[in-house]
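Each remark here refers to the structure printed beneath this line.
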Amino acid sequence: MQFFGGSDVSPSPPAPTAAGHNANVMYMFNRNGVCLFYREWNRPLRTLNPQQDHKLMFGLLFSLKSLTAKMDPTSGDKGNLGVPQLPGQGCSFHSFRTNTYKLSFMESPSGIKIILVTHPRTGDLREALKYIYSLYVEYVAKNPLYNPGTPVRCDLFDTNLDQYVRSIS
Amino acid sequence: MAAICSLFIINKSGGLIFYKDYGSAGRMDTNDSLRVASLWHSMHAISQQLSPTVGCSGIELLEADTFDLHCFQSLTGTKFFVVCEPGALHMEALLKVIYELYTDYVLKNPFYEMEMPIRCELFDLNLSQAVQKDRVALLGR
């Protein structure tokens, strides 16, 4: 199935219909790879347990970033492949698309990574991710009870995020 | 003038069998291109594992800050991917054309050994014509 899963044989996911059925999953990582936040709205398939899933996602993003930094056709000096880079250094990426989902990615200067998985036909979500980051700043980073580097448990953030994500098309 | 920055072809086990650069700044050396190719092979496989729904067949398009990467996987697991400018059009069609050239001039070449690096003059020749900018623009019709 791995190699023969061509796009014409596999069923493509149902097109986004009503509002709120567009986003599948959201992840948030800090720069150490700790999963600060994980939320799923629509995820019929789970192949791994949550810890492994988070680790694999962080690993994928890390490696894709070093790949894009190395592949960048516009800069001459790209350093070595796989050398860790600071947030904002080197050529990064903002999304990738497969036949079943689209993953949008944003990294803040402090190394907070926000990942939103949506339907493959979703448009550019860079502004949406910036808005989600501003929600994080407003309701999590400014929360005096929040301990940086620990998983986010904040009702206000959850409700506002749910509300906003439902509006993404 | 080529419509793409570079083209990679990797076999089903992630080994680079063809790499051609069409004038990007700081061309990659042989080692780096091999490593990038096998890294892409693994990222492609991992992206299938992380799919929220069934039937995922890997990354088709990666949008980076300064380039787009379009990937096409054939039924036998050979992956073709091109690096092009952000928002370049007709890349899926171009990948299909390159796949056709591969089947015609590489697979049908009696001296070609499967999964080994591609050294076929006719393939090189036809490829350099297929990636010309004006040719690629016509693919949209």
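Some points to look at:
- Just one of the listed residues (B:V54, B:V106) is among the hydrophobic types (A, V, I, L, M, F, W, C), modelled with pLDDT of 95 or more and at negative phi, namely B:V106.
- Qualifying residue in the stretch B:74-89 (condition: on the phi > 0 side of the Ramachandran plot and free of Cβ contacts under 8 Å to residues at least 60 places away in the same chain): yes
- Scan of the stretch A:75-100 for residues that are at the interface with another protein chain (Cβ under 7 Å from one of its Cβ atoms) and closer than 20 Å to B:R35 by Cβ, ordered by number: A:S75, A:G76, A:D77, A:K78, A:L81, A:C91, A:S92, A:F93, A:F96
- Number of the exception - B:R35 against (1) within 13 Å of A:L64 (Cα to Cα); (2) more than 7 Å from every other protein chain (Cβ to nearest Cβ): (2)
A quick yes/no check of all residues on (1) in contact with a strand residue (DSSP E or B) (Cβ under 6 Å, 6 or more places away or on another chain); (2) facing chain A (nearest Cβ under 7 Å):
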position: B:A2; (1), (2): no, no
position: B:Y19; (1), (2): yes, no
position: B:R27; (1), (2): yes, no
position: B:T66; (1), (2): no, yes
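- Taken together, the residues in the stretch A:62-74 that are more than 7 Å from chain B (Cβ to nearest Cβ), of a type in the set (A, V, I, L, M, F, W, C) and buried (at least 21 other Cβ atoms within 10 Å of the Cβ) amount to 1.
- Residue identified as open to solvent by less than 20 Å² (accessible area, probe 1.4 Å) and within 10 Å of chain A (Cβ to nearest Cβ) among B:V83, B:V54: B:V83
- Hits in the stretch A:124-139 - residues which are of a type outside the set (S, T, Y), open to solvent by less than 60 Å² (accessible area, probe 1.4 Å) and touching a residue at least 24 places away in the same chain (Cβ under 8 Å): A:L125, A:A128, A:L129, A:I132, A:L135
- Every pair of residues 6+ apart whose Cβ atoms lie under 6 Å, when the first sits in the stretch A:85-110 and is of a type in the set (D, E, K, R) while the second is not in a loop (DSSP other than H, G, I, E, B): A:R97/B:E60; A:R97/B:L61; A:K102/A:T118; A:E107/A:K113
- Any chance B:L101 is farther than 30 Å from A:M106 by Cβ and either in contact (Cβ under 8 Å) with a residue 12 or more places away in the chain or of a type in the set (G, A, S) (or both): yes
The values are calculated or read from the model by the stated rules, or taken from the named source; none is laboratory data. None of these values were measured; they are calculated from a predicted model. Positions of Cβ are generated from backbone atoms using ideal geometry, with glycine treated the same way; all protein chains shown enter the neighbour counts. Protein only, heavy atoms only, side chains kept; ligands, DNA and RNA dropped before computing areas. Shrake-Rupley method; radii C 1.70, N 1.55, O 1.52, S 1.80 Å.
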